[in-house]
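The values are calculated or read from the model by the stated rules, or taken from the named source; none is laboratory data. None of these values were measured; they are calculated from a predicted model. Every residue, glycine as well, gets a Cβ built from its backbone with ideal geometry; the counts of neighbours run over all protein chains shown.
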Amino acid sequence: MKQLITIVLIALVTYITGMITSLPWWSFVIPVALLAVWRKQSPAQSFLAGFAGVFILWVVVATLKDMANEHILATKVAGILPLGGSYILLILITGIVGGLVGGLSALTGSYLRSTR
């Protein structure tokens, strides 16, 4: 239950940070790391929570935004990249990139907590 709460908090913090348009895309890194410092979990649990929270959020948001334009832009971008024109694969890769950044951020926060 604690892990699920952490995943939801990370997704919420990432979403709120992303809504501030003057910040760069990676600005969720610091709040996620601070959240991992606050939540006392092992480094593996922190990484998993960070990865899952950001991955799920980015996949859901990318899918909703992509459905709004009937997958036209994502299909064209997937055609430019070596993805065979699969917009689903493009959305999954987007989620993996965000998840890795979120996971490494939470892992950093977990290690910061253990050094205090």
Review point. So Phe47 clears everything in (1) modelled with pLDDT under 95; (2) of a type outside the set (Ser, Thr, Tyr); (3) under 16 Å from Thr108 (Cβ atoms) except one condition, right? Which one?
Key: (1)
Practice item. Report, by residue number, each residue of region 8-29 that is free of Cβ contacts under 8 Å to residues at least 60 places away in the same chain and either assigned to a helix (DSSP H, G or I) or closer than 16 Å to Gly99 by Cβ (or both). Key: Val8, Leu9, Ala11, Leu12, Val13, Tyr15, Ile16, Thr17, Gly18, Met19, Trp25, Ser27
Study note, to complete from the structure: Restricting attention to region 1-55, the residues that are among the β-branched types (Val, Ile, Thr) and either surrounded by fewer than 11 Cβ atoms within 10 Å (Cβ to Cβ) or more than 26 Å from Leu90 (Cβ to Cβ) (or both) number exactly 6
Practice item. Take region 72-116 and flag every residue that is under 22 Å from Val60 (Cβ atoms) and polar (S, T, N, Q). Key: Thr75, Ser86, Thr94, Ser105
Practice item. Output the residue which, of all residues in region 68-83 that are in a loop (DSSP other than H, G, I, E, B) and closer than 18 Å to Gly95 by Cα, is modelled with the lowest pLDDT. Key: Leu83
**Study point:** Filter result for the condition that a residue is more than 18 Å from Lys2 (Cβ to Cβ), part of a helix (DSSP H, G or I) and either in contact (Cβ under 8 Å) with a residue 40 or more places away in the chain or among the charged types (D, E, K, R) (or both), over Ser105, Ser110, Ser46, Ser114
**Key:** Ser105
